[in-house]
Amino acid sequence: KNQVEQSPQSLIILEGKNCTLQCNYTVSPFSNLRWYKQDTGRGPVSLTIMTFSENTKSNGRYTATLDADTKQSSLHITASQLSDSASYICVVSQFGNEKLTFGTGTRLTIIP
Amino acid sequence: DTGVSQNPRHKITKRGQNVTFRCDPISEHNRLYWYRQTLGQGPEFLTYFQNEAQLEKSRLLSDRFSAERPKGSFSTLEIQRTEQGDSAMYLCASSHGGQGNQPQHFGDGTRLSIL
């Protein structure tokens, strides 16, 4: 069964600190992996998309990594800001299939 | 605002009633997706369209659910004889077709509450 697991479930850090969120997946055959940010009561917003051949991709203070051999990804947030408080969802796309498999997300809270 | 638009944002209805939601995708996107999201969970795929053709439906989409995209632009999702288990956020997303690595752009959803 195609699954995406994220850890931790929730995380609280001080403003200005860095953090790393983890994603493991079993989706096969793999097409691409996406990280989305979802604010409470809003739809998810795309942060990064990585294909099989990409190991890292950055979007401002967000840097995603992908190890397709171990089927793991991480999202690193640098110099966190209060506006980073949100759920971060890892999403994996299966090759030849439009259906995305979503993780349950990591709920990140930044405190001043 | 040229993003994905969903209406209404909130819907409260009694069990057994029918409800219909609307999604207006980004205008140049030919693919449109519907998802359902419950509290603390990631979105679950329901169905998707390429232009007006409904190409895939999840087994989550029971016979009480129907989606249409009659002219390949906006889409509607109807739930008949609603049940309390239908309470969720219904998200719509759109993307460029034919390019697998294009992001899906999500609307802010319709939150459905069944009394």
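Other protein chain C-beta atoms within 10 Å of residue C-beta, averaged over B:12-25: 0. Dividing the alpha-carbon radius of gyration of the protein assembly as shown by the rule-of-thumb value 2.2 N^0.38 Å gives 1.02. With a simple spin-label model that places each label point 7 Å from the Cα along the Cα-to-Cβ direction, the separation between A:Ser28 and B:Ser66 comes to 4.1 nm. Between B:Leu115 and A:Ser53, the distance separating the two model label sites (each 7 Å from Cα on the Cα→Cβ line) works out to 5.7 nm. Placing unit charges on each Cβ (+1 for Lys and Arg, -1 for Asp and Glu) gives chain B a dipole about its Cα centre, and among B:His96, B:Ser27, B:Ile12 the Cα reaching farthest toward its positive end belongs to B:Ile12. Accessible surface calculations at 1.4 Å, restricted to protein heavy atoms, place the protein assembly as shown at 49 Å² per residue. In this Cβ point-charge picture (+1 for Lys and Arg, -1 for Asp and Glu), chain B has a dipole of about 360 debye about its Cα centre. A simple spin-label model places pseudo-atoms 7 Å from Cα toward Cβ; at A:Leu14 and B:Glu56 they are separated by 4.6 nm.
Is chain B rounded, prolate or oblate when judged by the Cα gyration tensor, a ≥ b ≥ c being the square roots of its eigenvalues, rounded requiring a/c under 1.5 and prolate requiring a/b larger than b/c? Cα axes put chain B in the prolate bin.
For the protein assembly as shown, a simple Cβ point-charge model (Lys and Arg +1, Asp and Glu -1, everything else neutral) yields a dipole of about 480 debye relative to the Cα centre.
For chain A, the cysteines with no partner cysteine C-beta closer than 4.7 Å are A:Cys19.
The values are calculated or read from the model by the stated rules, or taken from the named source; none is laboratory data. The model shown is predicted, which means the values in this text are computed figures rather than measured ones. Positions of Cβ are generated from backbone atoms using ideal geometry, with glycine treated the same way; all protein chains shown enter the neighbour counts. Heads up: the accessible areas ignore ligands, DNA and RNA and are worked out on the full protein's heavy atoms, side chains in. Shrake-Rupley method; radii C 1.70, N 1.55, O 1.52, S 1.80 Å.
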